[in-house]
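All remarks here apply to the structure that follows.
The values are calculated or read from the model by the stated rules, or taken from the named source; none is laboratory data. Just so it is clear, the model here is predicted, and its values are computed rather than measured. Positions of Cβ are backbone-derived with ideal geometry, glycine not excepted, and every protein chain shown enters the neighbour counts. In case anyone asks, the SASA skips ligands and DNA or RNA and just uses the protein heavy atoms, side chains included. Shrake-Rupley method; radii C 1.70, N 1.55, O 1.52, S 1.80 Å.
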Amino acid sequence: MKIRFAVFFSFMVALTVGLSVAQRQSAVTAIKAGRLIDPETGTAAANQVILVEGEKITGVGPNLPIPSGATVIDLSQLTVLPGLVDAHTHMAITYKEEPENNYYYLTYIMDSTALRAIQAASNGMQLLNSGFTVVRDVGNNALYADAALRQAIEQGWLPGPTVIPSGPMIGSTGGQFWPTPEMYKYHNIMFPEYIDANSPDEIVRAVRENMLFGARTIKLCIDCKPWGYSVDDIKLAISEAAKGGCKVEGHVQTADGAQRAIDAGVYIIAHNNALTPEHHRQMAEKGIFLAGTDTPFTPYRGSEAAFKRTVANLRDAWEKKVLVTYSTDFDYWNERMKDPKTGEWLTRGELTLNFLETWKAAGIPPADILRAMTMNGYKAADIISQRGPIKPGFFADMIAVPGNPLGDIDALRNVRFVMKNGMVFKKDGVMIPEKFFHPGPVKTLNGRWTR
Ligand SMILES: [Zn+2]
């Protein structure tokens, strides 16, 4: 009896999977958008039809004929826009007050790569549910859990955003840790949380290793230690990364480090704390992206004084016309992360959207916040030629919300619809991701090399 059921069940699964793969490949979907936002220009067009075939957008316009047999998705009461981008996050590390007292060195000791990878997968689904279809996942990701998650999502095993993984951060002796001699010398406690790379040869080797293991961006610790990286060191990493099609992000925490990163010409600078108005001016001039990681002051994080500085720094970068991105540096959790109204736990997606508070406090207009969360993010992720614009030929990644985020940016907190790669992940405010779950490869087995 058991065996017969198992056979029947396998047959049904095979049939369902076969059907969903066929649907994935051939069906046309027509989306009726009440309003369609173009974040590049900060404008909206009423009553548009978006045609999607397979993974891509094939047509957009006000009066497009809907092919017979097309699946129609009626979003005529909603505003449609490109999926959101978190340009700096960490899905595979979560440090806590208990037991590690927010000290992530201990998280690294206590949480295995396997556990952290599974948590990253959960975080990815939570982010997708809140409309984030792309994340740059930049370091502190155990043993390439970020690259593995990207590959798993590409294979179609589970839903999640497009992950731009960096692999371990590359830094000079010590990375961001201050280990004991015995831990450092006898237990190599740096790796895989950081790669120590001191000489030019070691820098080249580290960049190559990360790209070999699936990195799509290279993250350098510019000044995590007083010895840090010189302008020449950074330039070397940039030129080596370019051979594998990767751009370099510089983590900076000092004014001097910021200047070296700017002089060397990194693609993106992480963290705004140490940047001065003069740095912002130079970044705007050179077209360097900023992932400021602009933490809001909430019951679960931050202080009023720190928030004031963060807001002023973000405001200055925006005034100087720096290419600002929406970025969180999210990597923590505590017992206070609850919705004050409902008492429910906030999801990773909701916590990420709470960073809107900083942008609003800086007085940045909704159209500019939206551009930071979409187009600037797609450019910083270096995927703007494939994803972002809701135009024919691009991947069908889009979300829909009630109201108009160009007037009220908080409309983004109520994502009702999410499509990624042409598949519906969320509809009518409910996750319906069954088509994302697939037991075998839907793309190439060697997915780390697809670009
Ligand atoms: Zn970070």
Original post:
Which of the residues that make up the range 338-365 are assigned to a helix (DSSP H, G or I) and over 20 Å from the mean Cα position of the chain (by Cα)?
Top reply: LYS360, ALA361
Subject >> Enumeration of residues in the range 134-188 that are in a loop (DSSP other than H, G, I, E, B), away from the ligand (no atom under 16 Å from the Cβ) and over 24 Å from ASP397 (Cβ atoms) >> reply: LEU143, TYR144, SER172, THR173, GLY174, TRP178, PRO179, THR180, ASN188
Original post:
From the residues in the range 251-266 that are buried (at least 21 other Cβ atoms within 10 Å of the Cβ) and more than 12 Å from the ligand (Cβ to nearest atom), which one is farthest from ALA312 (Cα to Cα)?
Top reply: ALA264
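Does ALA87 satisfy being more than 16 Å from the ligand (Cβ to nearest atom) and either in contact with a strand residue (DSSP E or B) (Cβ under 7 Å, 6 or more places away or on another chain) or open to solvent by 10 Å² or more (accessible area, probe 1.4 Å) (or both)? Can you show your working first?
Details: more than 16 Å from the ligand (Cβ to nearest atom): no; either in contact with a strand residue (DSSP E or B) (Cβ under 7 Å, 6 or more places away or on another chain) or open to solvent by 10 Å² or more (accessible area, probe 1.4 Å) (or both): yes.
So ALA87 fails the test.
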**OP:** Go through the range 391-417 and count every residue that is under 14 Å from LEU78 (Cβ atoms), open to solvent by less than 20 Å² (accessible area, probe 1.4 Å) and part of a loop (DSSP other than H, G, I, E, B).
**Re:** 2
Subject >> Matching residues in the range 143-198 - criterion: being of a type in the set (D, E, K, R) and open to solvent by less than 20 Å² (accessible area, probe 1.4 Å) >> reply: ASP146, GLU193
Original post:
Identify, please: which residue in the range 90-104 is under 23 Å from the mean Cα position of the chain (by Cα) and not hydrophobic (A, V, I, L, M, F, W, C) and is, among those, nearest to the ligand (Cβ to nearest atom)?
Top reply: HIS90
Original post:
Could you give every pair whose Cβ atoms fall below 7 Å, whose first residue belongs to the range 418-439 and is open to solvent by 30 Å² or more (accessible area, probe 1.4 Å), and whose second residue is polar (S, T, N, Q), counting only separations of at least 6 or pairs across chains?
Top reply: MET431/ASN129; LYS435/SER20
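If I ask for residues that are over 22 Å from the mean Cα position of the chain (by Cα) and open to solvent by 40 Å² or more (accessible area, probe 1.4 Å), which ones from the range 314-336 would you list?
ARG315, GLU319, LYS320, LYS321, GLU335, ARG336
Each row is one residue, and each column tells you yes or no for (1) within 16 Å of the ligand (Cβ to nearest atom); (2) more than 27 Å from THR133 (Cα to Cα); (3) among the polar types (S, T, N, Q); (4) in contact (Cβ under 8 Å) with a residue 40 or more places away in the chain.
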position: SER303; (1), (2), (3), (4): no, yes, yes, no
position: THR310; (1), (2), (3), (4): yes, no, yes, yes
position: TRP318; (1), (2), (3), (4): no, no, no, yes
position: VAL322; (1), (2), (3), (4): no, no, no, yes
position: TYR326; (1), (2), (3), (4): yes, no, no, yes
position: PHE330; (1), (2), (3), (4): yes, no, no, yes
position: MET337; (1), (2), (3), (4): no, no, no, no
position: GLU344; (1), (2), (3), (4): no, no, no, no
Original post:
Which pairs do you get when a residue that is over 14 Å from THR352 (Cα atoms), found in the range 74-102, comes within reach of a residue that is within 16 Å of the ligand (Cβ to nearest atom) and among the small types (Gly, Ala, Ser), reach meaning Cβ atoms under 8 angstrom, with the pair 6+ apart or on two chains?
Top reply: ALA92/ALA120; ALA92/ALA142; ALA92/ALA145; ILE93/ALA142
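Given the residues ALA284, ALA274, which is the only one that is over 21 Å from the mean Cα position of the chain (by Cα), open to solvent by less than 40 Å² (accessible area, probe 1.4 Å), within 15 Å of the ligand (Cβ to nearest atom) and more than 24 Å from THR347 (Cβ to Cβ)? Please lay out each step first, then the result.
Details: ALA284 fails: within 15 Å of the ligand (Cβ to nearest atom).
Only one candidate qualifies: ALA274.
Return the residue satisfying two criteria in turn: it lies in the range 199-228 and is open to solvent by 70 Å² or more (accessible area, probe 1.4 Å) and touching a residue at least 24 places away in the same chain (Cβ under 8 Å), and of such residues it is farthest from ALA147 (Cα to Cα).
Filtering the range 199-228 down to residues open to solvent by 70 Å² or more (accessible area, probe 1.4 Å) leaves 200-202, 205, 208, 212-213, 226-227.
Next, only the ones that are touching a residue at least 24 places away in the same chain (Cβ under 8 Å) stay: 200, 208, 213, 227.
Details: PRO200: 25, ARG208: 14, PHE213: 7, TRP227: 29 Å.
So the residue we want is TRP227.
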